[in-house]
Amino acid sequence: MSFRRAVSLACGFAGGSAVLVCAAVAAEKHRYFGERRRVSAFLPAVNAAQPTAWPSANGWDYNWDKRDPSTMVNVRRKEISGENGSQNTENHKPTATRHIFLIRHSQYNLKGEGDKERFLTPLGLELVSCDLLREGAPIEPVPPISHWKPEAVQYHEDGARIEAAFRRYIHRADAKQKEDSYEIIVCHANVIRYFVCRALQFPAEGWLRMGLDNGSITWLTVRPSGRVSLRALGDSGFMPPEKLSRT
């Protein structure tokens, strides 16, 4: 299956349970699917507290994903300055770039109560699910809106889960990854908007100021250095006007 074909199929996915669809690595030489695991294994007992908008003097925290090579080496300080320490640092230095495509699900039934009744439209396909990526209320938005006011407990629970999803999926490549990867994640608008704010180190409370069409594509690039670029946000120009929706 070509990468373009994979994107086309992914746009047909939707549903109450968000999904990790596939990854095309090194121009489609390798592929893998997200592994279904229990949510409890990934939920840290923390609130969804986020870093400040500008965490350092130059406006960027290079260790935002806790994977900076200098922090991945467990050697004594005197060894770091020597040959062994330098070699160990190089072994932990990423060289590949991750291209992460966040695709909002297609239209689904909003009238039902609960995920089981919020089923896909006829465009849906079979999915590989990841419960960490389910829809939710990541963090209380600023400014607030009047027509959607989740309880504080929902922000507390959903925020921790969606933050755990961000930490699992959005980060620089592992040092063992030698080729650039192109990965597709199909999930919900709230999750995507929150991921974008966190990845760009913008105030996470601004997530609700962005709008995304169903089936739209958001493209994040994470460089080996930890730099993050937003290549596209909610791109839906590939769909005819009559097929656009936000429900």
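The values are calculated or read from the model by the stated rules, or taken from the named source; none is laboratory data. For clarity, every value in this text was computed on a predicted model and none was experimentally measured. Cβ atoms come from the backbone with ideal geometry, glycine included; neighbour counts cover every protein chain shown.
Report yes if Ser181 is surrounded by 16 or more Cβ atoms within 10 Å (Cβ to Cβ), modelled with pLDDT of 95 or more and in contact with a strand residue (DSSP E or B) (Cβ under 7 Å, 6 or more places away or on another chain), otherwise no. Yes. One residue stands out in the range 200-223 among those that are small (Gly, Ala, Ser) and surrounded by 22 or more Cβ atoms within 10 Å (Cβ to Cβ): the one that is modelled with the lowest pLDDT, namely Gly215. Looking at the range 197-224 only, could you name the residues that are part of a loop (DSSP other than H, G, I, E, B) and either without any contact (Cβ under 8 Å) to a residue 60 or more places away in the chain or not basic (Lys, Arg) (or both)? Residues satisfying the conditions are Leu200, Gln201, Phe202, Pro203, Met210, Gly211, Leu212, Asp213, Asn214, Gly215, Ser216, Pro224. Residues in the range 95-134 that are part of a loop (DSSP other than H, G, I, E, B) and modelled with pLDDT of 80 or more: Thr95, Ala96, Thr97, Cys130, Arg134. For the range 135-153, state whether one or more residues are assigned to a loop (DSSP other than H, G, I, E, B), within 14 Å of the chain's Cα centre (by Cα) and modelled with pLDDT under 95. Yes, the range 135-153 contains at least one residue that is assigned to a loop (DSSP other than H, G, I, E, B), within 14 Å of the chain's Cα centre (by Cα) and modelled with pLDDT under 95.
Scan the range 225-241 and give yes if some residue there is in a helix (DSSP H, G or I), at pLDDT below 95 and more than 23 Å from Leu125 (Cβ to Cβ), otherwise no. Yes, the range 225-241 contains a residue that is in a helix (DSSP H, G or I), at pLDDT below 95 and more than 23 Å from Leu125 (Cβ to Cβ). Does Asn190 satisfy the criteria of being closer than 29 Å to Leu125 by Cβ, in contact with a Leu (Cβ under 9 Å, 6 or more places away or on another chain) and either in a helix (DSSP H, G or I) or modelled with pLDDT of 95 or more (or both)? In short, yes.
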